[in-house]
Amino acid sequence: MHAVRSLSLAFLAVATYVSAGPLAKRAVAYYDPNDNGGSMLTNAGNGLGEPLNVIISGLSSPDVLTYDGSINYARAIGFSTECLGIHLGGPQSANLGDGNGWVNQTVEIREDYGDASVGTCLESAAGGDHFRIFVQNGTEADSGALFLAVSYEEDASEDHDIEPDGYDIGRDDLVSWALGTTSYGGVTYSTTAENITGLLSAGSSGINHDISIDGIVTLLTVTIQ
């Protein structure tokens, strides 16, 4: 199943993109949601949650932290918006300890198998990596950081369940594709990574699908060249 990501849809057209305008840069990478009544697990609607296992630092280039900028960055590292703009399943919410309480995901992004235009349709059918974005921007902890719930899901025949070890696999895939220099839509990015412990607990307690995680959160700092 995991090997299916090697498929290519290079024969399909690539979508174009215009980035958002600049914003003021924040002064902190992120705030720990646990310190102010938040959680590093989403609310999946069943009393369980998915780990917020990747953070795009608030010290990244400001354009990366905008809605349009985050989508362009996602396209630079092998992901894109959902197939034909259609979302299957309900959104999840997260409380990032910023005073906003539980807020629904900003967007859900899927692996695009080499084509940012329609490649996510293959992910919807065959499975692959995907992530949900949550923004830490409330008045009590306004880092501007993007908290991502990343996972690797099985194909449609398995009802898109998360693959065993799928949270750690999804995180590691995204990080490996993001590191170094990438580009999309005329924008070039340089990404560095740091693994952080102590934000998430290792194990399966409270985790959706009873899947164990290693407790590592990867902090990405993304700089536009």
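The values are calculated or read from the model by the stated rules, or taken from the named source; none is laboratory data. Fair warning: this is a prediction, and the values are worked out from it, not measured in the lab. Note: ideal-geometry Cβ built from the backbone for every residue, glycine included; neighbour counts use all protein chains shown.
Assorted remarks:
- Selected residue (only one of GLY127, GLY170 is touching a strand residue (DSSP E or B) at 6+ places or on another chain (Cβ under 7 Å), among the small types (Gly, Ala, Ser) and at pLDDT below 90): GLY127
- Condition check for TYR152: over 14 Å from VAL64 (Cβ atoms) and modelled with pLDDT under 95: yes
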